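Inspection log for the structure reproduced underneath, given as structure tokens.
The values are calculated or read from the model by the stated rules, or taken from the named source; none is laboratory data. Everything quoted here is computed from the prediction, not taken from an experiment. Neighbour counts run over all protein chains shown; Cβ positions are idealised from the backbone, glycine included.
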Amino acid sequence: MFKREMKINFKNFIIWTSILIALFLVVFLVYPSIVNSDNMQMMDEMMKMFPEEMLKAFNMDISSIDSAFGWLKTEGFVFVLLITGIYSGILGSSILLKEESDKTIEYLNSMPVTRKSIVINKITCGLLYIILMVATIGIFNFVGLSLSGEFNKKLYILLSITSIFSSIVIFAVCLFLSTFTHKTKKTLGISLGIVFASYFLKIISEMGESTEFLKYISIFTLADIRNVIVNITINPLVVALAVAITIIFIILTIIRYEKKELV
């Protein structure tokens, strides 16, 4: 059962991972030619024109973009969070439902496996692919940065890990929501909506004290990138929250799926 799930979801994993690898490959190939003394002076002057709140939203107030690693700490990891979040949302909303949409649920029911076993195997597969995506991107960028020049390796490793926390929560939430319908099309839009809404709430929350409260309803707050850049450490509370929320929604998913009327 587990091997079947890994095989079925392998293609999507390769596609989404390749999108991020292609993006960062372009950065590592092009960035060195962009970054020189004249260009950096122009960039610095341009940055002064932006409001402080906007710079803070992309961590540009605490990190310069004078190197590939500097870009990664600002815009780069925003792309990582967003794309891994989208992938996790799509995976969570479809990994259970596709059996009903593809009419293969009857095949699974004919096998000597319980519904609980089906859900656990699918959850394990989903979480493993999320971790594999983060690890693959992390290794690729580590090699690229090593070839580009010096960088803070500890900071980079911690930053690479942060996207796991938001991604597993998005996966678990979307997985739970998928138990309330029988068609992937219905949950796909909701899942993408959750991802983009969380992303924009996180960005807006960084733009001033009046909007700071929005970070408490954004899943991407669990990534805690800004704290990692400043303190070079991951907040244990964030890890605990991410794990706790994920476990809660996984338990709710199992309970809900065992009672669900399958078609």
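Numerical summary
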| quantity | calculated |
| --- | --- |
| Any hit, the stretch 158-177, residues being touching a helix residue (DSSP H, G or I) at 6+ places or on another chain (Cβ under 7 Å), more than 23 Å from residue 249 (Cα to Cα), surrounded by fewer than 20 Cβ atoms within 10 Å (Cβ to Cβ) and modelled with pLDDT of 85 or more | yes |
| Evaluation of residue 107 against (1) of a type in the set (Phe, Trp, Tyr); (2) modelled with pLDDT under 80; (3) not in a helix (DSSP H, G or I) (one fails), failing number | (3) |
| Those residues of the stretch 137-156 which are free of Cβ contacts under 8 Å to residues at least 60 places away in the same chain and farther than 18 Å from residue 222 by Cβ, in sequence order | 139, 142, 143, 146, 150, 153 |
| In the stretch 211-236, the residues that are touching a Phe, Trp or Tyr at 6+ places or on another chain (Cβ under 9 Å) and either aromatic (Phe, Trp, Tyr) or at positive phi (or both) | 220, 224 |
| Residue among 73, 122, 116 that is modelled with pLDDT under 85, among the basic types (Lys, Arg), crowded, with 16+ Cβ neighbours inside 10 Å and in a helix (DSSP H, G or I) | 73 |
| Among the candidates 238, 195, 169, 173, residue that is in contact (Cβ under 8 Å) with a residue 60 or more places away in the chain and closer than 30 Å to residue 30 by Cβ | 195 |
| In the stretch 47-70, the residues that are modelled with pLDDT of 75 or more and of a type in the set (A, V, I, L, M) | 68 |
| Candidates 237, 214, filtered to the one that is of a type outside the set (Phe, Trp, Tyr) and modelled with pLDDT of 90 or more | 237 |
| Evaluation of residue 200 against (1) surrounded by fewer than 16 Cβ atoms within 10 Å (Cβ to Cβ); (2) modelled with pLDDT under 85; (3) among the aromatic types (Phe, Trp, Tyr) (one fails), failing number | (2) |
